[in-house]
Each structure stands twice: as structure tokens, then as C-alpha cells.
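Encoded as C-alpha cells, the structure appears first; notes follow it.
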Amino acid sequence: MLLELPPEMPVEAVDQGLNALGSPDLRCVTASHSHEDHLDVDVWNAMIDAYPDAEYLSPDELEGDTRLELGEEPVWLIKAPKHSPDDVVTVFRGVAMTGDIETTKLDSNLREVPVEQRRASMDYLRDFPRRSEYHIHTKFSAHLNSLHRNVDWNHQFSYWDYAQRLAEEASATAAGRKAGRKWAQDRAEPIQLQRLSERRGPEHDWYFGSGSSADSSAEKFFLIIEPSADREDAEAFLGAIRQGA
Ligand SMILES: [Zn+2]
């Protein structure tokens, strides 16, 4: 089962991975959500050409709990939109891969999903061990910036008062942008800067946050970009980048 199809992932890398595992079959291909750093459409199509017999589960088409069987073990795909409208958490062998969802807060770095839906999704996710009678002991994020072993799953969803949290995050975000610009000047790679400029537009203003998904060996690039309604901030960021170039 292939989970996540980042841009420029060669089909050969999947071949090699399967061979290394002694597993000639690829039965299922899916992704935690449809953002391009997790589900690149070109890679998705290349996979369909290379592995036409696999089952392709597009995150936007999944609903509720999907239970698959992999080597007589269950794999669950739990739909829980919070970071994006089609977030799916994958659970296998007691390990939950939460994509880009931050489970310990109701807020999200993106605001693509209304807060009431975020809350409902997290309640649904929180309830998973009870309804499935399946224990989760470990969770990690797609960018590998968050890995928690021996988790108390329920505790992952005990939020602070939401309004208070939002106020605290607003000031933390402002500080984060500053730190992010500095970080980007020092560390960003051309591909990140290119993406940054490509995605800028009326609906997608981008700025660097303070590195919460930085250092991702899963994607082989360091990146966190978040849309911001603050154009001035985006301009300042791009100005800083140009000066640095
Ligand atoms: Zn995402």
C-alpha cells in the first residue's frame, strides 16, 4: 500500500521499495489529502500507468471509516477534514499517520475547513478506538515533524479553551512569520521559492511559518508554507527572498 505521492516521486522508487520488502504486488495507493506535496497528480497518473491493477483510493472520495485488509491485518482510512477538506488518517498496526492534521489543537495552519467541521472531525477521530475496538499506540505526521509513541489517544483531543488558544496562536504566528522569513532566507531551496511564487495569488498568499514541518525526510525538502490573508507580509517575505538571491 502506497501512502503519499509527493511531486517527482519516481515510479522506480516504488518498484525498489516493493522489491526490498519482497512484495511484488501493490494493492492500494492513497494519500492523506489532496495537497500537491502529498498527492501530485502527475505522480498519481504515472502510478496508474505503472500499476494498473492496484486500487486507487482518492482521499476526496473516501467517507467515514474505510476498512481494508492487508495481509489479513486491518488498515483503516478515517476521513477527518481539518487541515484540508479531504484529510484521511491511516491506521495500521496501532500506528496512526495523521497527514498534515495537528491533533492536539483545533486550529489549523490552513483555514480551509470551517471550525465546526474541524471539531466534528476531531470528535470522530477521537472516537475511533472505541468504535473499532482498536488501540492506537503511536502517531506521526506525514512530514515526520511529529512522532509520538505510547500516546493516550483521547488526550490528543483535549483542547484548551478554543478562543484563548486562537488568541495565543495569533501572536505566536506573527512571531513565527518573522522567524520564518529569516529561516527561508537562510535555508529555503530553489524549489520552495519557485512554489512560493507559483502559488501566490488572490486565493493563495503564502508565507513561511516557523518551521513546523521543516526537515522532512519524507519529502526531501524543508518546507512550510501557509496561506495568509496578509499581502503585506507576503510582499515583505518575497522582498527579503529577492534581496537574499
Ligand atoms: Zn497539506
> Would a scan of region 10-25 turn up a residue that is assigned to a strand (DSSP E or B) and either surrounded by fewer than 19 Cβ atoms within 10 Å (Cβ to Cβ) or within 13 Å of the ligand (Cβ to nearest atom) (or both)?
Replying inline: no
> What's the number of the condition ILE136 fails, among (1) of a type in the set (A, V, I, L, M); (2) closer than 27 Å to ARG27 by Cα; (3) modelled with pLDDT of 90 or more?
Replying inline: (3)
>> Within region 129-138, does at least one residue satisfy the condition of being within 25 Å of SER58 (Cβ to Cβ), within 16 Å of the ligand (Cβ to nearest atom) and buried (at least 16 other Cβ atoms within 10 Å of the Cβ)?
In response: no
> Out of all the residues in region 29-65, which are part of a strand (DSSP E or B) and within 19 Å of the chain's Cα centre (by Cα)?
Replying inline: VAL29, THR30, LEU39, TYR56, LEU57, ASP65
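For (1) free of Cβ contacts under 8 Å to residues at least 12 places away in the same chain; (2) closer than 29 Å to PRO10 by Cβ; (3) assigned to a loop (DSSP other than H, G, I, E, B), each residue gets a yes or a no:
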| residue | (1), (2), (3) |
| --- | --- |
| LEU68 | no, yes, no |
| ASP86 | no, yes, yes |
| VAL89 | no, yes, no |
| SER108 | no, no, yes |
| VAL113 | no, no, yes |
| GLN117 | no, no, no |
| MET122 | no, no, no |
| TYR134 | no, no, yes |
> Looking only at residues in region 90-128 that are under 21 Å from GLU73 (Cα atoms), at pLDDT below 90 and away from the ligand (no atom under 16 Å from the Cβ), which one is surrounded by the most Cβ atoms within 10 Å (Cβ to Cβ)?
Replying inline: ALA96
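The values are calculated or read from the model by the stated rules, or taken from the named source; none is laboratory data. Because the structure is a prediction, the values reported are computed rather than measured. All Cβ positions, glycine included, derive from the backbone under ideal geometry; neighbour counts span all protein chains shown.
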